[in-house]
Every structure is written in structure tokens, then in C-alpha cells.
Amino acid sequence: MRIKGRKVVNKMINITTFNDPKSPISEAYRTIRTNIQFSKIDNDMKTILITSSKQDEGKTTVASNLAVSFATLEEKKVLIIDADLRNPSIHKMFNKTNSFGLTDVLTNKKELKKYIQNTELENLQILTTGAIPHNPGEMLESKKIIELIDDLKQDYDYIFIDTSPIGIIMDAGVLANYADGTILVIAYNEVEKERVKLSKERLEKVKANVIGAVFNKYVEKRDSYGYYSYY
Ligand SMILES: Nc1ncnc2c1ncn2[C@@H]1O[C@H](COP(=O)(O)OP(=O)(O)O)[C@@H](O)[C@H]1O
Ligand SMILES: [Mg+2]
């Protein structure tokens, strides 16, 4: 992530919507936010899953920036759940520990509050993955995780779920079926059309409510990155 002309000393260093709210990138995220917020189905749009066709397309980046964007809205409480048990990253974005998290909650729900971490933003909290189990797929398919998110919905206005790429592994399938909305991140010029088609088909198969795609790493002109999104 490029942050133009500003030396960033903040801990949430990679999150443009936090560090540089006036940038075009942050503006693009606000547009996505508005689209979600003012869609007719807004009332049901509490759990939003972010996936992609393969790794490195920008799922974690999009989930974090979008969550920050929502958390700056007054009186909206936001949680990010890192459900990418194959490549945990949310803790890195927020400079937090990953020595506990989701996998602990799934085995010991009573301690839920203890495992959720605060961020620099009052309205934004994160649940990192915790220690990686030997059976990530099974863990994410268990009813427990759905029950957990159902419980969390009482405390949060928006819950963003960062996942493994659906184009590679089906880990996110059950969660995508459950989530109110799914966003497919597509890295411009990095992923083949056929691969994106496969992801779309997989999401349709699990009856995910795909609310949109985010074109990420869109190159406007040589050496400059931007975002373009549609809904
Ligand atoms: N729009 C962008 N422009 C430039 N680099 C980006 C952009 N979005 C993501 N990246 C970088 O690409 C890499 C992968 O992003 P990440 O969000 O971790 O992907 P994923 O979670 O899908 O694996 C990271 O190094 C991230 O900083
Ligand atoms: Mg990631």
C-alpha cells in the first residue's frame, strides 16, 4: 500500500483508510461502504465475507480497509474475524499478537471477550485466527463457528470475515453460505478469467450472496496503483 507524501508512524501502517482518509483509495472504500450501507438490504448486511480466487489478491487489505471505513461511522461497532486459517494476516495488519484468537474461541467460548483485541479505533475490534489447527477446513465447517458469529451479531453492527481463497480451497464455503454478503476480490492483471469464473461458480454452488467484486491493484498508469469497484 502506498501512502503518498506522508511518513506514517502509526501502528496501523498498512491501512490507507486509517492513515490517509483523504486519499482516492479511501474515497473508493467509502463508495463501497455507501453501496453496502444504502442498499435496500442494508438491514441484513451485517456479516460480510471477503474472498478471492487465489492468494495475494488483496482479501486482507480490502477487509481491513473496509472495516476501518465502517468503523469511522458514528456509533457503528465493527469486528474483523480472521478465518483464513491457511494464511493468518489480520494480526499483522493491526500489529497485534496472534497467540490466541478464533481457534481458541471455538474450543472455549466462555472466554470470548478475552480473545477479542482492540485496535487504535474505538469502534473496531479484531478476532485473529489463534493457533492453526491441523484440520482448518473441518474447523470452519463446524456449526460452532456459525453459532459464534450469530452471538457476535448481538454486539456488532458489522462483522467482516477474512477467508482463504475460494478458488483454491473450499474453507470459506460454509461461511459464504451463512454470510449476509460476499465480496470477491479480483486482482487486476494477476488472475486469469477462468479462475475468477471458477470462484464465482463455487460461490454460487454454496448459495453465497455475492454482493459485488472489488477490482484491486488496478493500474491506471505505469507505476500507480488504484482501486476500482462496482456493485
Ligand atoms: N491495491 C493494492 N496496491 C498495491 N499493493 C497491494 C494492493 N492491495 C494489496 N496489496 C499488497 O498485495 C499483497 C497481498 O495482499 P493481501 O491483502 O495480503 O492479499 P490476500 O489476503 O488476498 O492474500 C500485500 O503485500 C499487500 O500489501
Ligand atoms: Mg490474507
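The values are calculated or read from the model by the stated rules, or taken from the named source; none is laboratory data. This structure is a prediction, so every number in the text was calculated from the model and none was measured. Note: ideal-geometry Cβ built from the backbone for every residue, glycine included; neighbour counts use all protein chains shown.
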Item to check | Those residues of the stretch 79-100 which are buried (at least 24 other Cβ atoms within 10 Å of the Cβ), farther than 17 Å from residue 13 by Cβ and more than 11 Å from ligand 2 (Cβ to nearest atom), in sequence order | outcome: 81
Checklist entry - From 112, 106, 66, which residue is touching a helix residue (DSSP H, G or I) at 6+ places or on another chain (Cβ under 7 Å) and either modelled with pLDDT of 95 or more or β-branched (Val, Ile, Thr) (or both)? => result 66
Next on the checklist: Among the numbered criteria (1) in contact with a Pro (Cβ under 7 Å, 6 or more places away or on another chain); (2) not in a loop (DSSP other than H, G, I, E, B), which one does residue 17 miss?
Outcome noted: (1)
Checklist entry - Is at least one residue of the stretch 33-47 hydrophobic (A, V, I, L, M, F, W, C), in contact (Cβ under 8 Å) with a residue 24 or more places away in the chain, within 16 Å of ligand 2 (Cβ to nearest atom) and under 27 Å from residue 138 (Cα atoms)? => result no
Checklist outcome for this item: How many residues of the stretch 90-121 are within 20 Å of residue 157 (Cα to Cα), assigned to a loop (DSSP other than H, G, I, E, B) and without any contact (Cβ under 8 Å) to a residue 24 or more places away in the chain? The answer is 0
Checklist entry - Here are 149, 132: which of them is within 16 Å of ligand 1 (Cβ to nearest atom) and β-branched (Val, Ile, Thr)? => result 132
Checklist entry - Checking residue 189 against (1) part of a loop (DSSP other than H, G, I, E, B); (2) closer than 19 Å to residue 80 by Cα; (3) touching a Phe, Trp or Tyr at 6+ places or on another chain (Cβ under 9 Å); (4) among the polar types (S, T, N, Q), which single condition isn't satisfied? => result (2)
Checklist entry - Among the residues of the stretch 25-68, which ones are over 19 Å from residue 186 (Cα atoms), in contact with a strand residue (DSSP E or B) (Cβ under 9 Å, 6 or more places away or on another chain) and of a type outside the set (D, E, K, R)? => result 39, 41, 45, 47, 68
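Okay, residues lined up against (1) away from ligand 2 (no atom under 14 Å from the Cβ); (2) part of a helix (DSSP H, G or I); (3) modelled with pLDDT of 95 or more:
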| position | (1), (2), (3) |
| --- | --- |
| 139 | yes, yes, no |
| 148 | yes, yes, yes |
| 155 | yes, no, yes |
| 161 | no, no, yes |
| 176 | yes, yes, yes |
| 182 | yes, no, yes |
